[in-house]
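Asker: The structure that follows is given in the form of structure tokens.
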Amino acid sequence: MTTFRRGFKSWCETTALQFRTALGLKAPDPLPAERLAAHIGLRVVDIGLIPGLRAEALQQLTVADPTSWSAVMLTLGDSKVVVVNPSHSDGRQSNDLMHECAHVVLNHAPSKALRAATGALMLSAYDKRQEAEADWLAAALLLPRAALLRIVQSGVSSEEAACQYRTSQVLLRMRLNQTGVNLQMRRRVA
Ligand SMILES: [Zn+2]
């Protein structure tokens, strides 16, 4: 279990709220990962459109082993682009894109970059701490406290809520527990 720097978790909540405000959304509203990506200048591209990603690599990533990768961040010239695995469910793709957005928001410098065969393409790789931070921020961006409270108060099923917020039920349950919203609601009912 990673210990985050002091104040990191509340900073994530504030950041989730600030982006919603910037995009004209209310605190408990779903924040589509694509909208955030566009807002922070992260281009999302179709895997077939990446120059320099060889046909064999594409085949390996998407067909031969379609579940082994979720999303990759690439540096193409001066711009960062992200490719999300199109073979995954909508909720998973949204989680994965939000995770890549989180790396950008956190200004993470890749701990290493893998250069593809042509040399024009760099695949970003991050260290464990950076991955844990991106996971936490992505989860807070998708499901900030205000959203969790709305979900619990409205009484929608976790399946429906996961669908509305384009995330997984696993992440929803995790956030309800980690933020204490579950407990808070149970106390209110009791
Ligand atoms: Zn990552």
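Please treat every number below as a calculation from the coordinates, not as lab data. All values reported here derive from a predicted model rather than from experimental measurement. Cβ placement follows ideal geometry from the backbone for every residue including glycine, while neighbour counts extend to all protein chains displayed.
Asker: Taking only pairs that are 8 or more places apart or on different chains, how many Lys pairs in the chain have Cα atoms under 24 angstrom apart?
Answerer: Close lysine pairs under the 24 Å cut-off: 5.
Asker: Obtain the nm distance between the two label points defined at Thr2 and Leu25 by a simple spin-label model: each point lies 7 Å from its Cα along the Cα-to-C-beta direction.
Answerer: Here the answer is 2.1 nm between the modelled labels.
Asker: Which of Ser157, Ser94 comes first, and how do the rest follow, when ranked by fewest Cβ neighbours within 10 Å?
Answerer: The most exposed by this proxy come first: Ser157, Ser94.
Asker: Using a 10 Å Cβ count of at most 16 others and DSSP loop calls, identify the longest part of the chain lacking such trypsin sites (Lys or Arg not before Pro).
Answerer: 55-190
Asker: Near the amide H of Val44, under 5 Å away, which other amide H atoms are found, from residues 5 or more places off or on another chain, if H is placed in the peptide plane?
Answerer: Val82
Asker: Right, next: Thr75 to Thr14: FRET efficiency via 1/(1 + (r/R0)^6), r the Cβ-Cβ distance, R0 22 Å, to the nearest 0.05?
Answerer: Computed FRET efficiency for Thr75 and Thr14: 0.15.
Asker: Label-point separation (nm) for Gln59 and Ile47, each offset 7 Å from Cα along Cα-to-Cβ?
Answerer: Spacing of the two 7 Å Cα→Cβ label points: 1.4 nm.
Asker: Work out how much length Ser154 to Ser68 would gain on full extension: take 0.36 nm times their residue separation and subtract the Cα-Cα distance, in nm to one decimal.
Answerer: Residue separation times 0.36 nm, minus the Cα-Cα distance, leaves 27.3 nm.
Asker: Using the Cβ atoms and a cut-off under 14 Å, what net charge is assigned to the surroundings of Glu34, where Lys and Arg are +1 and Asp and Glu are -1?
Answerer: Around Glu34, the charge tally is -1.
Asker: How big is Rg to Rh over the chain, alpha-carbon atoms, Rh as the Kirkwood inverse-mean-distance radius?
Answerer: 1.00
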